[in-house]
Structures are given as C-alpha cells and as structure tokens.
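Beneath this line is the structure, given in structure tokens, with notes to follow.
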Amino acid sequence: MTAEEIQQVLAEKFGESVGALQPAKQDPWVLVKPEAIAEVCRFLKTDPRTRMDSLMNLTAVDWPKRNQIDVIYHLFSYAHRHVFILKAQLDRASPVVPSVEGVWKAADWLEREQFDLLGVQFQGHPDLRRIMLPDDWVGHPLRKDYKEESDYHRMSTTRESPLDGFVRLDELKKRAAAKTAEAPAAQAPAHAPAKKEMPS
Amino acid sequence: MTEARRAPENPTMEMTSNKEILRRIEYTGDMLLNMGPQHPSTHGVINFLVQTDGEVMKRAIPEVGYLHRSIEKIGEKVTYNGFMPYTDRVDYITAMCANQGYAMAVERLLGVTVPKRAEYCRTIATELNRISSHLISAGTMSMDIGAVTPFPYALREREFINDLLEELCGARLTYNYLRIGGVAYDLPEGYAEKLVTFLDHFEKILPEFNRLITYNEIFIQRLANLAPISAEMAIDYCLVGPNLRASGVKFDVRKDIPYSIYPEVQFEVPVGKGEVGVVGDAWDRFWVRVEEMKQSCRILRQCVAQVPRGEVMAKMPRKIKMTEGLEAYSRIESSRGDMQYYVVAGAAENAYRVKVRTGSFTAMGIIDALSRGLMIADLVALIASLDVVAPEIDR
C-alpha cells in the first residue's frame, strides 16, 4: 500500500486523531494525537491490510522554538514491504506519550534510549530507566538547551585544549630566552657534555 | 552467594545506579554475577547481570552504555562533511557501511545524484568490508566457544582485505573514504587485478574454512539447537541482517529496497534452513555469515567487470546549507544488518538531529528474553552468534 492509502485507512478508523499526509521532500508522514498513538500502532500492526509488524526506528527531536518535542515512529511491514511514518508532537514542558512496548518488543530499548537522551516519558513502559548514561546523571543531553555539569562524581567533564599547552610552552621558552639575554654567559653551561678522550 | 542474598539490605550501597540495577532482581537465593564490563567474550565493554542457580541462568540483563561517546550530539555540532569521520566510529568493524548510510541520508536531503563510478567504488569498498567483518565475527565466535585455531586463519585473510582497503583510502580501520556526493579517491591503478587475485585466493579458502570449522562435528554439537529465534520473535524485536535471515526471513535491504548499484548485480540472499538443528539457532547465524561472504565475492567480481569510467565526485557546493526542518531517512545493509540514519537539517551548516539506528542495539534487546533457561557457557555463544559490536550499541 502507498502512504496515501494507509492514511485513508487510518482516517476512516480514527477520524480526527490522525492528521493529513504531510508531503515532505523525501518521506511523507502523518501527525497523530499523542494520546491515540498506542491504539493507532496496534491497529496498524494487526490490520491485515497494513500489517506493520516491525518498528524500525523511534526518534525524538527537540524543538525549543516551537516549544515541542516530536516523537517519530518509522514502521515497516515485512509482509507487504511498505513503510509508514508517524509523528506525535508533545509539549516540551511535560513530554508524555503512551508506550508502544506492548505492540512491538523492539520499542522497549528504543523508548528507553529516547527517555534517556531527551527525557520523553513513555507511559506504560515496564522498565523506563536510563540506558546509555548512568542512573544518577542530571539532565537529558540531546535537549537543545542542555548544559553539562562541570563535574560528575568529582571527575571533571571538561579538559584543557592541547593548544593551550603549546602556548604555555612558548611563553616559558620566551621567558628563559629573556633571562639568558639579561645575564650574559659568565660561566659555562652546566649541561655541556664533558669531552671524552678517545681511547688510544 | 550469601553476599548477594544480603545485597538489598546492605547499607553501604550508596550508588543509586547499583540500587537501580539490583532492584530488578528478586532475591530468592540465586547467585548474582557480573559478567563484564571487562570480559574477553562480551565483544567490547558490555556488562551482563546474570541471575543464576548453578550453571543454568534464570536471566541475563544486559547493561550497556559504557562506550557511549555521544556521537549523535556531535552530529548536531559539526558540519555535514565534518561528521563523516565520526561515522567510522559508530561501527569500526564495518566503517564503510556506516559512512555510506550517512552519505546517503545527506544526499537524499540535497537531492544529489552520485556518479556511477563512485557508486561502484562504494560497493567494492563496502563488500570488501563486509567480508572482513564477517571474518572477524566467524573467527571470534569460534574462539569464544573454545576453538582458537580458526581465529588466526580468519584474521590472516582479513589482513589481505585491510591491505586492499589501505591501498584504496590510506587507512586500515577507520576509513573515512566516502564523501557526501561520491568517494574521496578513485580506484588506484591495477586495483582490479589485485582484487581478482585476492578473490581467486579467498574463494578457495572458504571451503577450507567450512571443512575446518562450519561442518566440524564438535562445532555442530556445540551450536545446533542453541538459542533458536523464531521469525515472529526476530521481527518483533527488530532483529536485522544476518540474525534475521538466519531465522528464515528472506529480507535483505540490498535486494528488497535496492540502493546504489545493487539492482545491476546478481546475488542470492542466504536464509537459515535449520540444516543441523532448528531454524534460527546459533549455527544458522554462523552459517548465514559464511554464505554471505561467498555472495560478497560474487558481487565484487561483477563490480570489477562492470565498473565504468568517469568522475568519482558529484558537483557539490563548498558549504552544504539547507533549510531547517528538512528530514531524510536512509537504510543500508551493513554487515550487522539494516543500518538506518535519520537526519534533520538545521538552519546553519550542520544537522539539527542525527539518529543512528544500528543492528547491534536491537540485537542486545533480545538477550534478556533469550537467556532464560540457558547455560552460562551458552550465553557466550549467544552473544557471539548475534555478532554485537559494543561501540555500535552505545554510539
């Protein structure tokens, strides 16, 4: 089925919860109301016409300008070999969306990753905790306004640029050169190698 | 063992992370073992929290993230071209495929058509890389279950491929060979002859490898009927690539959603048949990889014969700049399966969001479900048969 046909099937079944097909430059997508996402997904998986048996990818994108977080579902059907993309737009202050872990098991880890990195709350997920970062990490790094803490358990999260080291080295050399220019060589340098006598 | 039984009441445990992990296991007198993060057979830095009663596991919970290098965040900070070397680090064993996925996603955004010769260069590079990756996988898998001999045999062949790839792009592991709109260098002079010489040699090695290890009686006894994955389960957990095909699902992105020059070459998609056990067992996953090496040789021979003359780079602007909010999605068949890049364009010269969906990440998700009732020694074989690469899981 083409994306248009799938959108029509969804619009018949769910009415206003499913938006029109957005003609993107590459992949068209459909906007779904966040509270309806789990039912739409379950329908897409079980309906014999669509049979979306695989959740390929689950992404979230932070948009501070529009004050929203988009969650994007890439679905694929191994039975019919067609692709469909769903989007849900969540409020940035409290991004909550029903979990689709009950529909596809693959959503378990994919949702945990988006929770970890963007702080999207997936309602009904059986084990929603951080996956990449430590459990006591503060903040969600892929948010656009994320500021890294200066240290984590007394380990610094920043380090000096190696170029700064070179600059310091240059200054040291300059200072040493200035010193030798001030006091002209009265005594022989201590590190001068002693002359070796050739064994005869 | 008694320590583990007392663990939840232990007041010295301050780290919330430990509490979080231990919370997931009910204390019934079972032994709790940390397998990893530094363990020779976990293929990188992964931790498995194993709940076991003797040799038989009740559960193994994978704890990942030790190699998280925030590559997706870096993708938002650097320019489109500047991100290419970082894609090498997503999956360092198949860096060419990781390059290609990103290049294809940005090319789709820009609407660039890659010259034919560049597509052939890409295919030659990725297929060579696929063979070397499968050699590593097959070698380490046999080593993990106790057969050390095949590993140097596999690595010896991989060295020839490394030499070939080094001649092509100057690097042996993280290639940075592909560019958005083409490839960095044309094929060197006399490359076709060298490639054919290698293929003549390698195609003789494969039956030898099969005799030595694949159809070895001990090897079959060890892996047949081990941790079988049904086709439904594989699709539900979003397994991809050789792991999916071993379960009997005939799906290959190169064949079913063709990209690059794959429609112009002939090859077959091997699927698991349960030759020595049931469909989708660990032996099938091993066998599918060996068969794929054969098919890659076939593709390489056709590429060498068909490669046209011409440019290797499309006309590209010096600075890539797009309108904000455009998005594109690319799927390629990496050696660990369907690798997907989702790129959202930003207003400046860098991407707004880059998401990499890799085969190893979803493959790790299935281990918890599969490990129930397995022996600990079989967990090692299961991880090896899924061919997970730690940096690809964590990115």
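How many residues does segment B:303-317 contain that are touching a helix residue (DSSP H, G or I) at 6+ places or on another chain (Cβ under 6 Å), assigned to a helix (DSSP H, G or I) and surrounded by fewer than 20 Cβ atoms within 10 Å (Cβ to Cβ)?
Final tally of qualifying residues: 1.
Need pairs with beta-carbon distance below 8 Å; first residue more than 10 Å from chain A (Cβ to nearest Cβ) and within segment B:233-249, second in a loop (DSSP other than H, G, I, E, B) and of a type in the set (Lys, Arg); sequence gap 6+ or separate chains.
B:241/B:336; B:242/B:336; B:248/B:273
So for segment A:160-171 (the condition being in contact (Cβ under 8 Å) with a residue 40 or more places away in the chain and closer than 30 Å to residue B:68 by Cβ), does at least one residue qualify?
Scanning segment A:160-171 turns up no residue that is in contact (Cβ under 8 Å) with a residue 40 or more places away in the chain and closer than 30 Å to residue B:68 by Cβ.
Checking residue A:40 against (1) over 21 Å from residue B:325 (Cβ atoms); (2) within 9 Å of chain B (Cβ to nearest Cβ); (3) among the hydrophobic types (A, V, I, L, M, F, W, C), which single condition isn't satisfied?
Here residue A:40 meets the rest and fails (2).
So which of B:374, B:300, B:370 ends up being surrounded by fewer than 24 Cβ atoms within 10 Å (Cβ to Cβ), in the same structural domain as residue B:265 (by TED's automatic domain parsing) and under 25 Å from residue B:240 (Cα atoms)?
Result: B:300 is the single residue among B:374, B:300, B:370 that is surrounded by fewer than 24 Cβ atoms within 10 Å (Cβ to Cβ), in the same structural domain as residue B:265 (by TED's automatic domain parsing) and under 25 Å from residue B:240 (Cα atoms).
Table: residues versus (1) out of contact with any Leu (no Cβ under 7 Å at 6 or more places or on another chain); (2) part of a helix (DSSP H, G or I); (3) surrounded by 17 or more Cβ atoms within 10 Å (Cβ to Cβ).
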| residue | (1), (2), (3) |
| --- | --- |
| B:228 | yes, no, yes |
| B:232 | yes, yes, no |
| B:275 | yes, no, no |
| B:284 | yes, yes, yes |
| B:287 | yes, yes, yes |
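Is it fair to say residue A:120 is more than 11 Å from chain B (Cβ to nearest Cβ) and touching a helix residue (DSSP H, G or I) at 6+ places or on another chain (Cβ under 7 Å)?
yes
Can you name the residue in segment B:348-362 that is more than 10 Å from every other protein chain (Cβ to nearest Cβ) and among the aliphatic types (A, V, I, L, M) and, of all such residues, is farthest from the chain's Cα centre (by Cα)?
Residue satisfying both the conditions and the ranking: B:348.
Taking only segment B:193-223 into account, find how many residues are assigned to a helix (DSSP H, G or I) and either touching a Leu at 6+ places or on another chain (Cβ under 7 Å) or surrounded by 14 or more Cβ atoms within 10 Å (Cβ to Cβ) (or both).
So the count comes out to 18.
For the structure I just gave you, tell me whether residue B:320 is touching a Ser or Thr at 6+ places or on another chain (Cβ under 8 Å) and modelled with pLDDT of 90 or more.
no
For segment A:135-146, does any single residue satisfy the condition of being more than 11 Å from chain B (Cβ to nearest Cβ), surrounded by fewer than 18 Cβ atoms within 10 Å (Cβ to Cβ), over 20 Å from the mean Cα position of the chain (by Cα) and of a type in the set (A, V, I, L, M, F, W, C)?
So far as segment A:135-146 goes, no, none of its residues is more than 11 Å from chain B (Cβ to nearest Cβ), surrounded by fewer than 18 Cβ atoms within 10 Å (Cβ to Cβ), over 20 Å from the mean Cα position of the chain (by Cα) and of a type in the set (A, V, I, L, M, F, W, C).
Given the options A:38, A:88, name the one that is crowded, with 16+ Cβ neighbours inside 10 Å, in a helix (DSSP H, G or I) and among the small types (Gly, Ala, Ser).
None of the others qualify; the one that does is A:38.
Does residue A:57 satisfy the criteria of being closer than 23 Å to residue B:353 by Cβ, modelled with pLDDT under 90, surrounded by fewer than 17 Cβ atoms within 10 Å (Cβ to Cβ) and of a type in the set (S, T, N, Q)?
no
Being surrounded by fewer than 18 Cβ atoms within 10 Å (Cβ to Cβ) and facing chain B (nearest Cβ under 10 Å) is the filter here, so list the residues in segment A:67-77 that pass it.
Those that are surrounded by fewer than 18 Cβ atoms within 10 Å (Cβ to Cβ) and facing chain B (nearest Cβ under 10 Å): none in segment A:67-77.
Condition test on residue A:130, is it within 12 Å of chain B (Cβ to nearest Cβ), surrounded by 11 or more Cβ atoms within 10 Å (Cβ to Cβ) and free of Cβ contacts under 8 Å to residues at least 24 places away in the same chain?
Against the criterion (within 12 Å of chain B (Cβ to nearest Cβ), surrounded by 11 or more Cβ atoms within 10 Å (Cβ to Cβ) and free of Cβ contacts under 8 Å to residues at least 24 places away in the same chain), residue A:130 qualifies.
Kindly establish whether residue B:268 is surrounded by fewer than 17 Cβ atoms within 10 Å (Cβ to Cβ), modelled with pLDDT under 85, at negative phi and in the same structural domain as residue B:112 (by TED's automatic domain parsing).
When the stated conditions are applied, residue B:268 does not pass them.
I'd like to verify a number: residues in segment A:23-48 that are touching a residue at least 40 places away in the same chain (Cβ under 8 Å) and within 24 Å of residue B:253 (Cβ to Cβ), how many?
7
I'm trying to understand the selection: among the residues of segment B:292-333, which are within 14 Å of chain A (Cβ to nearest Cβ) and either out of contact with any strand residue (DSSP E or B) (no Cβ under 9 Å at 6 or more places or on another chain) or not aliphatic (A, V, I, L, M) (or both)? Talk me through it step by step, then tell me what you get.
Applying the first criterion (within 14 Å of chain A (Cβ to nearest Cβ)) to segment B:292-333 yields B:322-333.
Result: B:323, B:324, B:325, B:327, B:329, B:330, B:331, B:333.
Would you pick out the residues in segment A:9-35 that are of a type in the set (A, V, I, L, M), buried (at least 17 other Cβ atoms within 10 Å of the Cβ) and within 24 Å of residue B:343 (Cβ to Cβ)?
Listed by number, the residues that qualify are A:21, A:30, A:32.
One residue is enough: does segment B:335-342 have a residue meeting the conditions modelled with pLDDT of 85 or more, closer than 24 Å to residue B:233 by Cβ, more than 14 Å from chain A (Cβ to nearest Cβ) and touching a Cys at 6+ places or on another chain (Cβ under 9 Å)?
yes
Could you figure out which of (1) among the hydroxyl-bearing types (Ser, Thr, Tyr); (2) touching a Ser or Thr at 6+ places or on another chain (Cβ under 9 Å); (3) under 22 Å from residue B:298 (Cα atoms) isn't true of residue B:197?
(2)
Can you find even one residue in segment B:82-96 that is under 14 Å from the mean Cα position of the chain (by Cα), farther than 19 Å from residue B:371 by Cβ and not in a helix (DSSP H, G or I)?
Initially, segment B:82-96 is screened for residues under 14 Å from the mean Cα position of the chain (by Cα), giving B:87-96.
Checking the rest, the ones that are also farther than 19 Å from residue B:371 by Cβ come to B:87-96.
Next cut, not in a helix (DSSP H, G or I) only: B:91.
Checked segment B:82-96: at least one residue is under 14 Å from the mean Cα position of the chain (by Cα), farther than 19 Å from residue B:371 by Cβ and not in a helix (DSSP H, G or I).
The values are calculated or read from the model by the stated rules, or taken from the named source; none is laboratory data. Remember, predicted model here, so these are calculated numbers, not experimental data. Neighbour counts run over all protein chains shown; Cβ positions are idealised from the backbone, glycine included.
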